[in-house]
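Here's the structure we're looking at; comments come further down.
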Amino acid sequence: HTDIWPSVNQFEAEVCAMTASFLNGGNTNVVGCVSSGGTESIVLSAKAHRDYFGRRNGIRIPEIVSCYTAHAGIDKACDILGIRNVKVRFDPKTFQVDVKAMERAINADTIMIYASAPNFPQGVIDPIEKLSNL
């Protein structure tokens, strides 16, 4: 509520600028926003991917690939934003996403792969480094 607390805009700008500087995003085109929690953050990320990759690549029915152990916010985001959520299995021993299953699910309509760090039900961290190579 910037109408009640005008300094919130300044705080948000400072947090985004500091975060960008940590990630070598020091140019003036880097933007960001601060969200209030998990679901909102997931919805904003899914929207950004849909808007950027979906429109840039002319994708009519965008897809996000996620695991069955993913935060429920990704299901909500896909439902709200008209994105198909392609669910893949997890390793029954580690509860991490099956990287090979995720790789097989990626296609020309994929705008994002969703990984958990940690996942919602068990608190397990998906193999982010392996997924980043897909």
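The values are calculated or read from the model by the stated rules, or taken from the named source; none is laboratory data. No experiment lies behind these values; they were computed from the predicted model shown. These area figures cover heavy atoms from the full protein model, side chains too; ligands, DNA and RNA do not enter into them. Shrake-Rupley method; radii C 1.70, N 1.55, O 1.52, S 1.80 Å.
Data for the structure
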quantity: Value of D in µm² per second that Stokes-Einstein yields for segment 26-99, Kirkwood Rh from Cα pairs, at 4 °C (1.567 mPa s); calculated: 95 µm²/s
quantity: Share of carbon and sulfur in the accessible heavy-atom surface of the chain [1.4 Å probe, %]; calculated: 56 percent
quantity: Considering only the chain, percent of DSSP beta bridges that pair antiparallel, nearest 5; calculated: 10 percent
quantity: Relative contact order computed over the chain (Cα-Cα under 8 Å; 6+ residues apart), in percent; calculated: 21 percent
quantity: Fraction in percent of alpha-carbon pairs per bin - 5 Å, the chain; calculated: 2, 10, 16, 18, 19, 16, 11, 5, 2, 1, 0
quantity: Per residue solvent-accessible surface (Å²) - the chain, probe of 1.4 Å; calculated: 66 Å²
quantity: Over the chain: helical MRE at 222 nm, DSSP H runs n ≥ 4 each giving -39500 (n - 2.57), nearest 500; calculated: -11000 deg cm²/dmol
quantity: Distance between segment 14-42 and segment 96-115 - C-alpha centres, whole angstrom; calculated: 25 Å
